[in-house]
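Just below is one structure, and these are the notes that go with it.
A short reminder: the numbers here are calculations on the coordinates, not readings from a lab. As the structure is a computational prediction, the values presented were derived from the model and not from experiment. Here Cβ is always computed from backbone atoms with ideal geometry, including for glycine, and neighbour counts include all displayed protein chains.
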Amino acid sequence: MSADAVVQLAHGGGGRLTRELIEREIVPRFGSGPLRGLPDGATLPSPGDRLVFTTDSFAVQPLEFPGGNIGHLAVHGTVNDLSVCGGDPKWLSLALIIEEGLPFSVLGRILDSVRAAADACGVTVATGDTKVVARGQGDGLYVNTAGIGSAFPEFVLGTERICEGDCVLVNGTLGDHGMAVMSARQNMDFINGPVSDTGSVHRLVGAVRAFGAAVRFMRDPTRGGVATVLNEMVEGRELGILLKERDLPLAPATRAVAEMLGIDPLHAASEGRLLLICDRDSSSAILKRWRALPEGAGAVCLGTVTRDKGRVVMETVTGGRRLVDVPRGELLPRIC
Amino acid sequence: MNYIDGFRDPDVAAQFVRLIAEQGRELAANGRHMHIMEVCGSHTMAIGRYGIRQLLPANVELISGPGCPVCVTDPGYIDAAIALAGQGAILATFGDMIRVPGSDSDLTECRSAGGSVEVCYSPSAAVDLARNHPDREVVFLAIGFETTIAPVVSLVGEAQSAGVSNLSLLTAFKLVPPALRALLTDKEIKIDAFLCPAHVSAIIGSKAYEPFAAEFHVPCVVAGFEPLDILYGVHGILGQALKNEASVENQYARVVRSEGNPVAQARIAKYLEPVDASWRGLGVIPASGLGLRPEFAAYDAEKKLGVPVRPGRLHPGCLCGEVIKGKLRPTSCPLFGKACNPDHPVGPCMVSAEGTCAAYFKYGLPGERQGGGK
């Protein structure tokens, strides 16, 4: 195969080329476990009494961006969804919808990333599917992953368990993925620009099992950012949330690009962050455990739960107060 | 970002708030209430974002002005853009234009219906689009105040030197000083001082406001967009008011010079000439806009493609015009937050990233002090 070979429509036709695609790209990376022999489905040992099950589809432009690619996202996204439900991720499915013309070199890099990310998270790609669509019918590559994990028995999670005085914790800087992709999409060639935080939060969840019921709720602030997650938590309730602008963890590059484009970093996606609401008395201990892990080194308390009926409010650096609203529609850069 | 942090210092902010409170008390002792218009939409947003209104004394009100280029654009302009897309043109635009209502539709609906609408972060992207689509006309939606005009109009030169002939501009450029004059001569609007725009002033220079200080006796202070800039600007205005003075002060001297930016001014004069312009809310103001000079007609979308901008129809209940003039506080509009919200905007002030209604909706805390127009 030449260095600039691309996927053809015939690679999805079910014939010899399909076989070639699977044997060259899929089997060497994923063919040793339940996928050995390419059965129609995976037969798996039950990981526990209670399962956590989720699915997510990934469409991102560009496919490769500073800090990662769609392959990393497809693993981390589903692993993180399982984790924030209090699950211990075990198995993934991997479905690829490839647009005719995608270079094999790009596909190979992305699948390498899927394998590396899955290994790092301790999950196995157990089943999968590949389709090829005609040029113009896809954005290079769409990926869907579904995931299964066992539920940790220690957690009792739910927004209804959140109480006044609880703390809102996060494991690092906010909005890095959203700003990295936005910069890459517009070919803004920054030196030291924003870098995606794509990563797994499963070890952070594992680290707080001991706190059991003191952990009220967990969520990964992806699309819509932290502002959306916090607003959803308190919408229509007697409770609110107070954030302190001084305490917001923002990477300098992300903050600079967000300022330039007029985007609120609280509205930008993170792909390796865990928002956790916990009892105030446990917050310091949780932060200490998180900070011992590389993915939790930047962990902080962002704010507290108040009685401010359904509102997320920020105390600004100047001492004023303002509403933190959800983003509306697509994030658009401003005119001047 | 360390540079920026200096202009957001909480301790210095607290000191300014104390000084402004003292000035407010002194003015109140003389029965004075100050209506300060922040002209620029970026000021409006920064004031909301940092919660600055609540930090000011009750007799010092910040009123939002007409300085949002999207908000003052006539709906007929959007109608013309949609018509051009219908003819097969690719529309290249800054992001916050795409949800501004025209008479019947907006550019997002146009895009969903198959129209080509490309959001650009930089005007130069339009030249690339034209190069990549040599068989189609690319129309750049050229709106904006002085800040935006020079880089946008430079597209004409870029296209000329690159030999790109399938690029044109649909212009609705507007100038700030004629709008300020229109507001000051409107007897129904009470303006005691202007917090003058930051980046517009970088182009036109702080001396552009001297006639207003002299003729209308209103203090004019040019201020940057950071919270300390704004507080410092308000402090300067109140200082003048206490001494019954009215002059132009340039608080934003790190960027703005008295004479402005002569390179940008020359660039603007090379390509553009004054035209009468229709402002939403303010109506037609003579010589308040800029259009392409006749020798650049080949880049003038209206002339080149035969699609003239005609006055559009406003939503009957929309009071954006009153908001733009500072006569109405957004929260006093019957549509605000109900029929008109960022998901379903009725008027442009709710759409734009710099719109007054959007700022109130996004940052305002009902039940807490809002300030704003009457």
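Which residues' amide hydrogens lie under 5 Å from the amide hydrogen of B:SER103, considering only partners 5 or more residues apart or on another chain, with H built in the peptide plane?
Residues meeting the criterion, in which the H sits 1.01 Å from N, are B:ASP79, B:ARG313.
What is the local net charge at B:ASP128, summed over the other residues whose Cβ is closer than 13 Å to its Cβ (Lys, Arg +1; Asp, Glu -1)?
Charge balance in the 13 Å sphere: -1.
Evaluate the relative contact order of chain A (contact order divided by residue number), counting alpha-carbon pairs under 8 angstrom at least 6 apart; express in whole percent.
Working: 747 pairs, mean separation 70.7, N = 336.
This gives 21 percent for chain A.
For the range B:320-363, compute the orientation-averaged projected area of the C-alpha convex hull (one quarter of its surface), in nm².
Projected area, direction-averaged: 2.6 nm².
Suppose every K and R has +1 on its Cβ and every D and E has -1 on its Cβ; what is the size of the dipole of the range A:9-151 about the Cα centre, in Debye to the nearest 20?
Dipole of the range A:9-151, to the nearest 20 debye: 280 debye.
So if we plug the beta-carbon distance of B:ASP104 and B:ASP343 into 1/(1 + (r/R0)^6) with R0 = 25 Å, what FRET efficiency do we get, rounded to 0.05?
For B:ASP104 and B:ASP343, the calculated efficiency is 0.85.
Counting only DSSP beta bridges with both residues in the protein assembly as shown, tell me the antiparallel percent, nearest 5. Show your work: numbers first, answer last.
Details: 51 of 95 bridges.
Antiparallel: roughly 55 percent of the beta bridges in the protein assembly as shown.
For the range B:279-284, take each phi angle, set θ = phi - 60°, evaluate the Karplus expression 6.51 cos²θ - 1.76 cosθ + 1.60, and give the result in whole Hz per residue in order, putting x for glycine and proline.
Karplus values, whole Hz, x for Gly and Pro: 10, 4, x, 9, x, 7.
Any chance you could give the angle, 0 to 90 degrees and rounded to 10, that helix A:225-234 forms with the longest Cα principal axis of chain A?
With rounding to tens, the tilt is 60 degrees.
Helix B:262-271 versus the longest principal axis of chain B: what angle, 0 to 90°, nearest 10, using Cα atoms?
Orientation of helix B:262-271: about 40 degrees from the principal axis.
³J(HN,Hα) across the range B:127-144 via Karplus (A = 6.51, B = -1.76, C = 1.60, θ = phi - 60°), whole Hz, x for Gly/Pro?
So the J values, rounded to whole Hz, are 5, 4, 4, 5, 5, 6, 10, x, 8, 10, 7, 9, 10, 8, 7, 8, 10, x.
Using only the Cα atoms of chain A, build the gyration tensor, take square roots of its eigenvalues as a ≥ b ≥ c, and label the shape rounded, prolate or oblate: rounded if a/c is under 1.5, else prolate if a/b is larger than b/c, else oblate.
Oblate, since a/c reaches 1.5 and b/c is not below a/b.
Other chains' Cβ within 10 Å of B:8-19 residues: what's the mean? Before the final figure, lay out each step's value.
Working: counts 5, 2, 6, 1, 1, 5, 2, 0, 1, 3, 0, 0.
Mean partner-chain Cβ count within 10 Å for B:8-19: 2.
Using only Cα atoms and rounding to the nearest 10 degrees, what angle (0 to 90) does helix B:146-162 make with the longest principal axis of chain B?
Compared with the principal axis, the helix lies near 20 degrees.
Tell me, what ³J(HN,Hα) does each residue in the range B:342-358 have, in order and in whole Hz, if you take phi through Karplus 6.51 cos²θ - 1.76 cosθ + 1.60 with θ = phi - 60° and put x for Gly and Pro?
Per residue, the Karplus-derived 3J(HN,Hα) values read x, 6, 9, x, 8, x, x, 5, 8, 8, 5, 5, 10, x, 5, 5, 4 Hz.
Can you classify the protein assembly as shown as rounded, prolate or oblate using the Cα gyration tensor, where a ≥ b ≥ c are the square roots of its eigenvalues, rounded means a/c under 1.5, and otherwise it's prolate if a/b beats b/c and oblate if not?
oblate
Do the alpha carbons of any pairs in B:LYS174/B:LYS207; B:LYS187/B:LYS362; A:LYS288/A:LYS309 sit beyond 21 Å of each other, and which pairs?
Those over the limit are B:LYS187/B:LYS362; A:LYS288/A:LYS309.
So who's got an amide H within less than 5 Å of the one on B:ILE63, skipping anything under 5 residues away but keeping other chains? H placed 1.01 Å off N, in plane.
B:ILE36, B:MET37, B:GLU38
Please give the length that would be gained between B:GLU118 and B:VAL284 if that part of the chain were fully extended, namely 0.36 nm times their separation in residues minus their C-alpha to C-alpha distance (nm, one decimal).
So the chain would gain 56.8 nm between B:GLU118 and B:VAL284.
Tell me the net charge near B:GLY283. Cut-off is 12 Å between Cβ atoms, B:GLY283 excluded, with +1 for each Lys or Arg and -1 for each Asp or Glu.
Net charge in that neighbourhood comes out at -1.
Calculated FRET efficiency, A:ALA116 and B:GLU215, Cβ-Cβ r, R0 56 Å, to nearest 0.05? Please list the in-between numbers first.
Working: r = 70 Å, r/R0 = 1.24.
The formula returns an efficiency of 0.20 here.
Based on other C-beta atoms within 10 Å, arrange A:GLU245, B:GLU354, A:GLU160 from fewest to most.
A:GLU160, A:GLU245, B:GLU354
Just order A:246-252, B:219-225 by mean Cβ neighbour count inside 10 Å, highest at the front, would you? Could the numbers behind the result be given before it?
Numbers: A:246-252: 15.9, B:219-225: 26.6.
Averaged packing, sorted descending, gives the order B:219-225, A:246-252.
Taking 8 Å as the Cα distance limit and 6 or more residues as the minimum spacing, I'd like the relative contact order of the range B:155-274 as a percentage.
Relative contact order, the range B:155-274: 26 percent.
Count the net charge of all other residues whose Cβ sits under 11 Å from the Cβ of A:GLY108, scoring Lys and Arg as +1 and Asp and Glu as -1.
The answer is +2.
Between B:ASN132 and B:LEU242, what is 0.36 nm times their sequence separation minus the Cα-Cα distance? Round to one decimal in nm.
Stretched fully, the B:ASN132-B:LEU242 segment lengthens by 33.7 nm.
Connecting C-alpha atoms closer than 10 Å in a GNM of chain A, tell me which of A:GLY320, A:GLY136, A:GLY128 has the biggest fluctuation.
A:GLY320
Give the shape of the range B:152-217 as rounded, prolate or oblate, defined through the alpha-carbon gyration tensor: a ≥ b ≥ c are the square roots of its eigenvalues, a/c under 1.5 means rounded, and otherwise the shape is prolate if a/b is larger than b/c and oblate if not.
prolate
Say each of B:GLN87 and A:LEU9 gets a label point 7 Å from the Cα, pointing the same way as Cα to Cβ; how far apart are those two points in nm?
The modelled label-to-label distance comes out at 3.5 nm.
Which of B:ASP104, B:ASP79 comes first, and how do the rest follow, when ranked by fewest Cβ neighbours within 10 Å? Spell out each step's value before the answer.
Working: B:ASP104 12, B:ASP79 20.
The fewest-first ordering by Cβ neighbours comes to B:ASP104, B:ASP79.
Assuming R0 = 22 Å, what is the FRET efficiency of A:ILE191 and A:ARG109, from their Cβ-Cβ distance, to the nearest 0.05?
Efficiency at R0 = 22 Å is approximately 0.45.
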